[in-house]
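Some notes on the structure that comes next.
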Ligand code: IPE
Ligand code: IPE
Ligand code: MG
């Protein structure tokens, strides 16, 4: 079995999981955390190099203030709870996105967790929080423009390779497999640049029900893809 180096997941369907059971949406998000634990463990065990999880999009702040603040709280609790276990499992943590929106205690805990896990060399777990693919390209473009303005680079030095160094996922392999749960067939402003040649896998399963069996199904499907990257094998 060919294991993808980099798997990215749009963890969608928590709200529908909860409302299908007449429960508040936050219960769906709490159940979603269990699925995160399962997937992180499984990816680490099978030797995935990078796992990028879409936790909160730049558009999700437009939800009710109640849901947004409960999500921030949940994020903080989970970060605090899991960091020791992640360390034990040699997981490196990287949080990408515009964290300035987050309450200060969340920003502080996020920074501390990343520092603590920085020297680990097992799975790299990337959490995309207040992240948007468009935001990422714009912040990279700003850095490149500033470097040109400072005279550190010339505009013609900006190439696909050099530009990608300014993106949030610089140094991570390109995404091999992008998974979205809950039956929606869209990217919702998740990674844009990094999915240039990803294989896409969609499942109707709602995120809280996503487990190791679901992950394995996605990887089996990935193994049946003919990745041509625009070229053709000579006969
Ligand atoms: C995904 O679940 C989690 C977040 C976006 C934070 P949703 O909350 O989008 O669940 P649905 O799509 O409403 O079911
Ligand atoms: C995408 O899901 C964001 C996350 C899973 C974190 P949404 O539920 O926000 O996306 P839309 O609104 O259905 O496109
Ligand atoms: Mg959704």
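Considering each residue of the stretch 1-25, count those that are within 10 Å of ligand 1 (Cβ to nearest atom) and farther than 19 Å from residue 82 by Cα, and give that number.
The first filter runs over the stretch 1-25 and keeps only residues within 10 Å of ligand 1 (Cβ to nearest atom), leaving 10-20, 25.
Restricting the remaining residues to those that are farther than 19 Å from residue 82 by Cα gives 10, 12-20, 25.
Matching residues across the stretch 1-25 total 11.
Of the residues 197, 201, only one is touching a helix residue (DSSP H, G or I) at 6+ places or on another chain (Cβ under 6 Å), within 17 Å of residue 3 (Cα to Cα) and either in contact (Cβ under 8 Å) with a residue 12 or more places away in the chain or part of a loop (DSSP other than H, G, I, E, B) (or both); which?
Working: 197 fails: touching a helix residue (DSSP H, G or I) at 6+ places or on another chain (Cβ under 6 Å).
None of the other options fit; the residue is 201.
Mind listing whichever residues of the stretch 173-182 are more than 19 Å from residue 59 (Cα to Cα) and either within 12 Å of the chain's Cα centre (by Cα) or within 11 Å of ligand 1 (Cβ to nearest atom) (or both)? Give the steps one after another, and end with the answer.
Residues of the stretch 173-182 more than 19 Å from residue 59 (Cα to Cα): 173-179.
175, 177, 178, 179, listed by residue number.
What pairs come out if I take residues in the stretch 14-29 that are away from ligand 2 (no atom under 15 Å from the Cβ) and pair them with residues that are modelled with pLDDT of 95 or more whose C-beta lies under 7 Å away, six or more apart or interchain?
24/18; 27/18
Taking residue 209 and the conditions (1) farther than 16 Å from residue 96 by Cβ; (2) in contact with a strand residue (DSSP E or B) (Cβ under 9 Å, 6 or more places away or on another chain), which numbered condition does it fall short on, given that it satisfies the others?
Every listed condition holds for residue 209 apart from (2).
Any residue in the stretch 49-68 that is more than 16 Å from ligand 3 (Cβ to nearest atom) and assigned to a helix (DSSP H, G or I)?
Of the residues in the stretch 49-68, the ones more than 16 Å from ligand 3 (Cβ to nearest atom) are 49-52, 65-66.
From what is left, the residues that are assigned to a helix (DSSP H, G or I) are 65-66.
Yes, the conditions are met somewhere in the stretch 49-68.
Just to be sure, is residue 51 farther than 21 Å from residue 130 by Cα and either in contact with a helix residue (DSSP H, G or I) (Cβ under 8 Å, 6 or more places away or on another chain) or surrounded by fewer than 17 Cβ atoms within 10 Å (Cβ to Cβ) (or both)?
Working: farther than 21 Å from residue 130 by Cα: no; either in contact with a helix residue (DSSP H, G or I) (Cβ under 8 Å, 6 or more places away or on another chain) or surrounded by fewer than 17 Cβ atoms within 10 Å (Cβ to Cβ) (or both): yes.
In short, no.
So for the stretch 215-233 (the condition being closer than 26 Å to residue 25 by Cα, surrounded by 12 or more Cβ atoms within 10 Å (Cβ to Cβ) and under 18 Å from the mean Cα position of the chain (by Cα)), does at least one residue qualify?
Taking the stretch 215-233 and keeping what is closer than 26 Å to residue 25 by Cα, we get 215.
So of that shortlist, the ones also surrounded by 12 or more Cβ atoms within 10 Å (Cβ to Cβ) come out as 215.
Then drop every residue that is not under 18 Å from the mean Cα position of the chain (by Cα), which leaves 215.
Yes, the stretch 215-233 has at least one match.
Looking only at the stretch 26-33, decide whether some residue is within 15 Å of residue 178 (Cα to Cα) and crowded, with 16+ Cβ neighbours inside 10 Å.
Keep residues of the stretch 26-33 that are within 15 Å of residue 178 (Cα to Cα), which gives none.
So far as the stretch 26-33 goes, no, none of its residues is within 15 Å of residue 178 (Cα to Cα) and crowded, with 16+ Cβ neighbours inside 10 Å.
Residues in the stretch 26-33: is at least one within 26 Å of residue 103 (Cα to Cα), assigned to a helix (DSSP H, G or I) and more than 15 Å from ligand 1 (Cβ to nearest atom)?
Of the residues in the stretch 26-33, the ones within 26 Å of residue 103 (Cα to Cα) are 26-33.
Remaining after also requiring assigned to a helix (DSSP H, G or I): 26-33.
Then drop every residue that is not more than 15 Å from ligand 1 (Cβ to nearest atom), which leaves none.
No.
Would you pick out the residues in the stretch 74-93 that are under 16 Å from residue 41 (Cα atoms), without any contact (Cβ under 8 Å) to a residue 40 or more places away in the chain and in contact with a helix residue (DSSP H, G or I) (Cβ under 6 Å, 6 or more places away or on another chain)?
79, 83, 93
The values are calculated or read from the model by the stated rules, or taken from the named source; none is laboratory data. Model, not experiment: these values are computed from the prediction. For neighbour counting, all protein chains shown are included, and Cβ atoms are generated from backbone atoms with ideal geometry for every residue, glycine included.
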